[in-house]
1. Listed highest first by mean packing, meaning other Cβ atoms within 10 Å per residue, what order do 196-209, 54-67 come in?
2. Expressed in nm to one decimal, what extension gain is obtained for the pair ALA50 and PHE96 from 0.36 nm per residue of sequence separation less their Cα-Cα distance?
3. Residues with amide H under 5 Å of LEU156's amide H, sequence separation 5 or more or different chain, H placed in the peptide plane at 1.01 Å from N; which?
4. Would you mind putting 15-22, 149-156, 101-108 in packing order, based on average other-beta-carbon counts within 10 Å, highest first?
5. 7 Å from Cα along Cα→Cβ at both LYS222 and MET143: what's the point-to-point distance in nm?
6. Please give the charge dipole size of the range 51-110, origin at the Cα centre, charges +1 on K and R Cβ atoms and -1 on D and E Cβ atoms. Round to the nearest 20 debye.
7. What is the distance, in nm, between label points placed 7 Å from the Cα along the Cα-to-Cβ direction at ALA12 and at GLU186?
8. Going down the table (LYS70/LYS187; LYS101/LYS221; LYS164/LYS221; LYS64/LYS99; LYS70/LYS163), which pairs top 26 Å between alpha carbons?
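Derivation of every value follows stated rules applied to the coordinates shown; laboratory data play no part. Please read all numbers here as calculations on a predicted model, not as lab measurements. As a convention, Cβ positions derive from the backbone with ideal geometry for all residues, glycine included, and neighbour counts pool all protein chains shown.
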Amino acid sequence: MVAVIKEGQGLAVRLPDYIIESLSLQDGDEVEFAMVDDKNVKMSKLESVASPELDVLRKLNAIKFSERTKEAVDSKLTDSEKETLKQLIEKKIVSFYDKGKYTDRGVYSISRDYYYLITKKPPKEMKCGFYVIDDSYRARELMEEFKPQIKSGDILSVRSFDKKYYFVSADVVNSTGSEIIAVLGEKDAGLEDLAKQLNVDKNLIKAVLEVLRESGDVIEKKKELYALA
């Protein structure tokens, strides 16, 4: 059993020894929480990121997502930084995305779990890597607020058939999107099934699907049932 205790103005969770030992947790470790469904949460330990790795991640993040090809990235990294990049790939902090419209060349993608660890403070609405809103006036405000990130391709925006506005970071789209496309490559899947299979918040899955639908990578065959285009 896990105890929830009062900590300052909020609540904290006191983890039992078997979880601490199983995940080899230590003071200062970073962990990630993800909603599996309305009542269940998944917790995972994030790999530690050393200073040289952060430097490479920042260099990678400074390159527009659509231009992060192997050739372009290699041209900006030193030999030692290329070795560090290999380590980041082995730790699954960085992956090579070669699906959808990037099949012919592929681009490097930073895991959604680490993206905001290596950037400046994100817009408060985008603290989870995505934001959904049905207020058109506020959406226009956000379009202006996010204008530099949208122009650079770091944030993607789309207005869906459900009349909601979706703002999603490019790294979240492509890290989660590659997983979604892999699943849909096997068979069509519903929104709930995708969220459970990938252990990702359903709202995040929906946001990414809307961007993939807009880009022509997936289609919605019927309400909340998706397939590759």
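1. Details: 196-209: 20.2, 54-67: 16.6.
Those peptides, ordered most packed to least, come out 196-209, 54-67.
2. Working: separation 46, 0.36 × 46 = 16.56 nm, distance 2.07 nm.
Answer, rounded to one decimal: 14.5 nm.
3. Here VAL168, SER169, ALA170 satisfy the definition.
4. 149-156, 101-108, 15-22
5. Output for this residue pair reads 3.4 nm.
6. About 280 debye.
7. Result for the modelled spin labels: 4.0 nm.
8. LYS70/LYS187; LYS70/LYS163
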